[in-house]
Amino acid sequence: MLPNNLPVPASEVDISPAWLSAVLAGAFPEETFVGLEHSLIGQDYGFASRIIRCQWRERQWREHHQPKHRQHSVVIKLWSTDSRAGTTEVQFYQTFRDSQGLGVRVPKCYYSAVDKQAARTVLVLEDLQGAIQGDVLEPLDLESAKAVARSLAKLHTMWLDHSQLTEMTWIPDMSVWQQNSDWFEDRRRLFLERFPKALTGVARTWLDRLEHAPQLANARLTAAPKTLLHGDFHLDNLMFVNQQPIFLDWSKPVRGPLALNLAVLLFQMTSLDYFDEVLACYLDSFAKISSYELEYADVNKQLGGALLRLFATSTCGVARWQPELARAQQIIQHNIDQLNTALAFWQDRNPDLWINLK
C-alpha cells in the first residue's frame, strides 16, 4: 500500500492531487498540485503499460510577493500484475535506484509500489519533456550511434561478471538459447505463409537452416562473460538529451553476453556503413573503463551468434504475432528488410558462420 493507505491507481481517474501529495512529498514538498491535468502518452507505440503524464502549476513567489506559475510534470506507469513485466520494472527501480549505480542514464524514479491485492503496480518517473524520442523506423546518425555505444560500454563494464548480478535471481539468464526443431518448423511455416517474399538471398537460405542456429550460437556465446543487458533493446526505448541516450522501459532486464545488446545497435539501430566506427567506439570505451581485455576477434565471433538469435526473433519469433497497430506491422517489415541486408553483409565479412550453419 502507498502512504496514507492509498491503493495503486487503476487509471488516471484515481490520480488526484491528494494521491500525488502522498507519493511525491519528498520530491515536491509543500506542493498542492494546482491545475492538475492528465494525458495519455505512448499510445502509438503499443506499450503494455498505461502511461500517463501528469502536469500541474507550481506556485512560486517573486519579489514583492508577485505570484507566478511554472509547469511541473511526472510520468506515471500503471501495470497489471497479470504481466510479469510490471512487477519486474518496479523491482528494477527498487534495486537500481539511480543512473550512477546502473552505469547508464535512466529516468529518475520518484515512487514505485506493488498492490498485490488489487493486482496492480505503479511507477512515478521523471518526465523527459524536450528529449528526442528514438524511433525504430529511423536509424541513428553516426554521432548518436557512438553515444549509445559509449553508454552500452559503461553498462556492460559495470556489471561484467558481477557477483551481485548473479544474486539477482529475478533477472533471467539469457546466455543459452534453447529452442527445439519443432519450434522452428512450425513458426517458419507460419512466417512464410504471412511473408512469402519478405526474405531474399542469404536470409531466405538461412531461414531454411535455422533449426541448426541454437547449437552454433551457443557455441559462440555461452562461454562469454555475462553482464546486465536491456532485454527489450530497440530505439523506441531510447530518448536523447543533447544527443546523450536515456534508456527507457526496464521491464525485461536480463543477464547474458554483451553481444546481444551490441548486435542490435550495430545491425538494427544504425547504418551498416557505420559498423566499424561504432564497434570501434564501443571497444575503445570498454577498454578505457574496464580491466577486462575484450578482444576484437572474440566480440566478432559473439556477434555472429547474436545475429543468429536476432534473425530468429525477427522471423520465427514474430510468426504468430498479429499486432493491431499499423506501426507495429511496419516495424516487423522494417526489421526483416534490415536483416536481409545484415545477413548478406555478415556473410561477406564472416563466411565461416555460413559454412557452419550449412
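The values are calculated or read from the model by the stated rules, or taken from the named source; none is laboratory data. None of the values given here were measured: they were computed from a predicted structure. So basically every Cβ, Gly included, is an ideal-geometry build from the backbone, and we count neighbours across all protein chains shown. For the accessible areas, the whole protein counts, side chains as well, though only heavy atoms, and no ligand, DNA or RNA atoms are used. Shrake-Rupley method; radii C 1.70, N 1.55, O 1.52, S 1.80 Å.
Annotation: the chain has a Kirkwood hydrodynamic radius of 22.1 angstrom, from the mean reciprocal C-alpha pair distance. What is the list of residues in the stretch 211-247 whose amide nitrogen lies under 18 Å from a point 7 angstrom out from the Cα of ASN356, following Cα to Cβ? Hits in the stretch 211-247 for ASN356 at 18 Å: 211-226. Between GLN329, LEU260, TRP170, the Cα set farthest toward the positive side of the dipole of the chain (charges on each charged residue's Cβ, about the Cα centre) is that of TRP170. Once the Cβ-Cβ distance between ASP186 and THR313 is put in as r, and R0 is 22 Å, what FRET efficiency do you end up with, to the nearest 0.05? Taking R0 as 22 Å, the efficiency between ASP186 and THR313 is 0.90.
One chain, two ends: ASP348 and LEU40. Fully extended at 0.36 nm per residue, the span grows by 106.3 nm beyond their Cα-Cα distance.
Give the residue list of trypsin sites (Lys or Arg not before Pro) in the stretch 81-122 that are DSSP loop and have at most 15 other beta-carbon atoms within 10 angstrom.
Within the stretch 81-122, the qualifying trypsin sites (Lys or Arg not before Pro) (loop, at most 15 other Cβ atoms within 10 Å) are ARG97, LYS116.
For the chain, carbon and sulfur atoms together expose 47% of the accessible surface, with a 1.4 angstrom probe and every protein chain in place.
Between ASP82 and GLN133, the distance separating the two model label sites (each 7 Å from Cα on the Cα→Cβ line) works out to 2.5 nm. Reducing the stretch 285-342 and the stretch 221-275 to their Cα centroids gives an inter-centroid distance of 9 Å. Which part of the stretch 263-307 falls in the paramagnetic zone of VAL176, meaning amide N under 18 Å from the point 7 Å along Cα-to-beta-carbon? Answer for the stretch 263-307: 306.
Annotation note: GluC sites (Glu not before Pro) in the stretch 251-326 located in DSSP loop regions with a Cβ neighbour count of at most 10 within 10 Å are GLU293, GLU295, GLU324. Projecting the Cα atoms of SER251, LEU238, CYS281 onto the charge dipole of the stretch 231-289, computed from C-beta unit charges around the Cα centre, puts SER251 farthest toward the positive end. Past 18 Å, Cα to Cα, is the threshold; run LYS108/LYS226; LYS77/LYS226; LYS226/LYS252; LYS226/LYS301; LYS77/LYS108 against it and keep the listed order. The pairs that break the limit, which is 18 Å between Cα atoms, are LYS108/LYS226; LYS77/LYS226. Partners of LYS197 within straight-line reach, counting lysines whose Cα lies under 27 Å from its Cα and excluding those fewer than 8 residues away in the same chain: LYS358. Label zone of ALA22 (point 7 Å out along Cα→Cβ, amide N under 15 Å): in the stretch 84-115 this covers 111-115. Remark: spin-label model distance THR205-GLN100 equals 5.4 nm, labels positioned 7 Å along the Cα→Cβ axis.
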